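The values are calculated or read from the model by the stated rules, or taken from the named source; none is laboratory data. The structure presented is a predicted model; accordingly, all values stated were derived computationally and were not measured. Backbone-built Cβ (ideal geometry, glycine too); neighbour counts: all protein chains shown.
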Amino acid sequence: MNSDDTTPGGILHALQTVTDVGGPVVVILLLMSVVALTVILVKLWQFNWWRLGDQRSLDEALAHWRQHQGDQALEVLARSRSPAARVMEVAIQGRRDPTLSEPLLREEVSRVASRWLETLRGHFRVLEVIGSLAPLLGLLGTVLGMIVAFQQLEAAGNRVDPSVLSGGIWVALMTTAVGLGVAIPVVAVLNGLERWLERFRHRLQDAVTQVFTVRQPESIAHGEEAHREKADTPVQQARIKLWKGRAASDAD
């Protein structure tokens, strides 16, 4: 079969040749590549489904909030699938509650945001492990292949055939090439996903900060000041428990 054959049958034949020559190390590396590809596709779908780049909804909600239109801001956030919208909902609802102190509200908003960020980082560790182990496994395969090649050279004695040594060396080096071929794209995509998530975190932090820095009507401001020292009242604890349940169901 032609080595330039790009049909499904030709690709399968090439993979079979590589696995036959490279042995179990190449098989493990190919399985790792399948796992990495699956995780990458899942994360790309997840990030797009949750609209991590949905800045328009956040800006629109903040515009309503600056005009002291809390209900309209919450309506805009409710239409967004972005986790940032869920965190901002907690912040806005808390700011509108005069019985809830700001320190307690900030703590709860931080907890909800951290939970969402941890959910979004899910399975990153799998990609990190594959990106680190793939080159090492490839190097291990090369070392094992070189050992076999020199054993064959020793067995040949005085009748040394250079093709035996060169053939063993290229077979051994192939596992390193496969390992690097798996690791390089995985590490590149992982860095891209982490950068994507980092930009989302900065946008989330900026939006939540604006919720707290916008000046509220005097009636709400006086209510917040009057209850600032009552951070552990039963009403506040009940509201926090309700928000925790909502945030947990959203993140799951």
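For the range 114-154, filtered to residues that are in contact with a helix residue (DSSP H, G or I) (Cβ under 7 Å, 6 or more places away or on another chain) and without any contact (Cβ under 8 Å) to a residue 24 or more places away in the chain, the residue that is nearest to Val171 (Cα to Cα) is Ala149. Going through the range 75-85 one residue at a time, which ones are assigned to a helix (DSSP H, G or I) and closer than 20 Å to Arg111 by Cβ? Selection gives Leu77, Pro83, Ala84, Ala85.
Of all residues in the range 65-82, those being free of Cβ contacts under 8 Å to residues at least 60 places away in the same chain and either closer than 18 Å to Arg215 by Cβ or of a type in the set (D, E, K, R) (or both) number 9.
Just one residue in the set Phe212, Phe150 is at pLDDT below 95, aromatic (Phe, Trp, Tyr) and within 30 Å of Arg81 (Cα to Cα); that residue is Phe212.
Helices (runs of 4 or more DSSP H) fully within the range 1-67 that include at least 2 residues being of a type in the set (S, T, N, Q), modelled with pLDDT of 90 or more and surrounded by fewer than 17 Cβ atoms within 10 Å (Cβ to Cβ): 24-49. With respect to the stated conditions, Ala78 is more than 30 Å from Ala134 (Cα to Cα) and either among the aromatic types (Phe, Trp, Tyr) or at pLDDT 90 or above (or both). Test Val109 against the criterion of being closer than 14 Å to Phe212 by Cβ, within 24 Å of the chain's Cα centre (by Cα) and part of a helix (DSSP H, G or I), and give yes or no. For Val109, the condition - closer than 14 Å to Phe212 by Cβ, within 24 Å of the chain's Cα centre (by Cα) and part of a helix (DSSP H, G or I) - is met.
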